[in-house]
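What follows is a short report on a single structure.
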Amino acid sequence: MPLMVIDFTHRIRAVRRRAAIGASLGLALLANGQATMADEIRVTGGHCASEVRLVARDAHLSAVLKRLAQTLDFQLRFESENDPLVNIDTARPLNDLVVRVASTQNVSMTQMRDPLCPDRQRILQVWVLPKGQESQTVAAAPAPQALPLQPTPEQARLAQEGIDMVLRAHGVDPASQAASK
């Protein structure tokens, strides 16, 4: 009889160890699942799709753009000091999508017509540049004052002929007008 009690106690300890290991693994998976849920990024839509669907939850802009670059095969250069969190769920044409996601940033894109997708533009490169320092703005030099143009002698002669023609059309002798001046 004591042998059965020892075996039963051993089984209870084994079940408790498994439960503790299972609970630890469960907590680790739950914590990992929450981390992935916190920075979820999903991109759907093929290379030639008219629209690309982007879902991002609490993900940094650099990570969102990196995922877009990987999925849609363009080069990304992220040089901004600011990397805000992005929360978005939208479907748009790719170039509109990049502009919308990075609307608060200084973004530059290079695009070209895609030979594989008729009537579509393909993004080749996206740069997210640092914003300029407002304190370092350079004052623009004032534009030089335009001098009144002096007509050439030929322009002056043609202008006078036009004036004379108008005066004659109204019954006025241009010679008499010149004499009165």
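If you check A178, A141, which single one turns out to be on the phi < 0 side of the Ramachandran plot, assigned to a loop (DSSP other than H, G, I, E, B) and modelled with pLDDT under 85?
Working: A178 fails: assigned to a loop (DSSP other than H, G, I, E, B).
On inspection, the qualifying residue turns out to be A141.
In the list D73, D58, which residue meets the criterion of being of a type in the set (D, E, K, R), touching a helix residue (DSSP H, G or I) at 6+ places or on another chain (Cβ under 6 Å) and modelled with pLDDT of 80 or more? Let's see the steps before the verdict.
Values: D73 fails: touching a helix residue (DSSP H, G or I) at 6+ places or on another chain (Cβ under 6 Å).
Exactly one of D73, D58 is of a type in the set (D, E, K, R), touching a helix residue (DSSP H, G or I) at 6+ places or on another chain (Cβ under 6 Å) and modelled with pLDDT of 80 or more, namely D58.
The values are calculated or read from the model by the stated rules, or taken from the named source; none is laboratory data. For clarity, every value in this text was computed on a predicted model and none was experimentally measured. Every residue, glycine as well, gets a Cβ built from its backbone with ideal geometry; the counts of neighbours run over all protein chains shown.
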